[in-house]
1. Among Y25, F167, P127, flag the residue with its Cα farthest along the positive direction of the charge dipole of the chain, charges on Cβ as +1 for Lys/Arg and -1 for Asp/Glu.
2. Per Stokes-Einstein, at 4 °C and 1.567 mPa s, what whole-number D in µm² s⁻¹ belongs to the range 256-377, with the Kirkwood radius over Cα pairs as the hydrodynamic radius?
3. Quick check: Cα centre of the range 142-189 to Cα centre of the range 302-355, how many Å?
4. Run the helix sum for the chain: -39,500 (n - 2.57) per DSSP H stretch of 4+ residues, divided by residue count, reported at 222 nm to the nearest 500 deg cm²/dmol.
5. Are there GluC sites (Glu not before Pro) in the range 285-342 that DSSP puts in a loop and that have at most 12 other Cβ atoms within 10 Å, and which ones?
6. Would you work out which of G39, Q289, A380 lies farthest towards the positive end of the dipole of the chain? Charges go on Cβ: Lys and Arg +1, Asp and Glu -1.
7. Given Cα positions, please report Rg to Rh for the range 216-301, the hydrodynamic radius being the Kirkwood one.
8. Which Cα, out of F410, G299, F316, lies furthest along the positive dipole direction of the range 273-416 (beta carbon charges, K/R +1, D/E -1)?
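Each reported figure results from applying straightforward, stated rules to the coordinates on display, with no laboratory input. Bear in mind the structure is a predicted one, so any value in this text is a computation, not a measurement. Cβ: placed from backbone, ideal geometry, glycine included. Neighbour counts: every protein chain shown.
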Amino acid sequence: MSVVRPFKAIRPKKELVEDVASLPYDVMNREEAKKMAEGNKKSFLHVVRAEIDIDDSISQYDEVVYNKARNNLDEFIKEGTLVKEDKPKLYIYRQIMDGRVQTGLVGCTSIDDYMNDIIKKHEFTRPAKEQDRINNFDYCDANTAPIFLTYRKNDEVNNIIHNWIKFHKPLYNFTSEDGITHIVWDICDDETVNRVSEIFDGIDYLYIADGHHRSASSVKVGLKRRKENPDYTGEEEFNYFLSVIFPDEDLFIMDYNRVVEDLNGNSETEFMDKIKEKFDVKEYDGEGQYRPEAKHKFGMFLDNKWYELTSKEGTFDKEDPVNSLDAAILQNNLLDPILGIENPRTNDRIDFVGGIRGLKELEERVNDGMKVAFSMYPTAIEDLIKVADAGKVMPPKSTWFEPKLRSGLFVHRLSD
């Protein structure tokens, strides 16, 4: 049984929403964030990446940054850039990218569901990245960015969303600078809100699609507040965190590619000979870059040439939900044994390139100093759910979801 409940959102004035809404904090570095917010004092990057307002000599993890985030959020509310709803609501959030539509619900989910594995995970988190968002949420007294969740589609939820959209005008309807359209409706009818919550009460599991660090951080802030308030009832807002919840059929996962800076002491001939033990290899004779067209196929860019790699029969366990993933096959049969990258989470010889950047980016990275690049076939949402249901963890950087959720459209205050 999954808890999905309404909340009193803090959200932008309609006429300011395009200025406020920003890309999520974790798809950019400090320099990029500063450039994105340049000339826009309303950008929500001033809250989720407040280091852009602090001298570069100060660490982005310094306490002064989190205090600045809180001050910026408070100022947005004080000046009326952000306004607070007078009643709890759920919201519908639709994104349109290249003609593809995904439509989800915005509400709050339970930290207890997270701890009891009703909200299922598929990635490990890094303590330093967790602590960063713990500080941001705790100092701001708010979930300043939503968690991206999914669930197995439910026809009744789909019908409620469809009918609400059909008969109600949106709060927001704008296209961001990256060409993605964002449309938001508020579900202000209590009966409809209650029915949605009842339906989710009958849905067994929610799954984290993106935002493992944000969700873990939200839970730890909630537990901290519980400790500070030993008489808590469980109804306080700090027991819940901000989520956008999409049906699995709507989601689009792009490829998440790899580049490596050297061949681990191998000559190119030695490297190719070793690869051929586990992969069928042929030189790509098509135009442009090689994009894998099926599972268990990979592209490789080496010495200004593209190659097609196909996993040989018997080189991985087809029945294992993790080891049958392409990211695991490449890791177990090539990156680790041949290139010596035992732990891609911590090894600085490997980097990852989201599919949104295109395969030309892989060629450019190799031409700029990396040695070899690998293009991947996208992970399926069904594979993600299988891994989560098995209680296992996917290899690092297995999924790249597009479009990204905009930050600043909804803020959930923890102390209300």
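1. Ranked along the dipole, the leading option is F167.
2. Answer from the Stokes-Einstein relation: 90 µm²/s.
3. Taking the Cα centre of each part, the range 142-189 and the range 302-355 sit 36 Å apart.
4. Working: 13 runs with 124 residues, N = 416.
The per-residue figure over the chain is -8500 deg cm²/dmol.
5. On the way: sites: E287, E293, E308, E313, E319, E342; in loops: E287, E293, E313, E319, E342.
Those that pass, being in a loop and sparsely packed, are E287, E293, E313, E319, E342.
6. Towards the positive end, the residue furthest out is G39.
7. Details: Rg = 24.4 Å, Rh = 18.8 Å.
Radius of gyration relative to Kirkwood radius: 1.30.
8. F410
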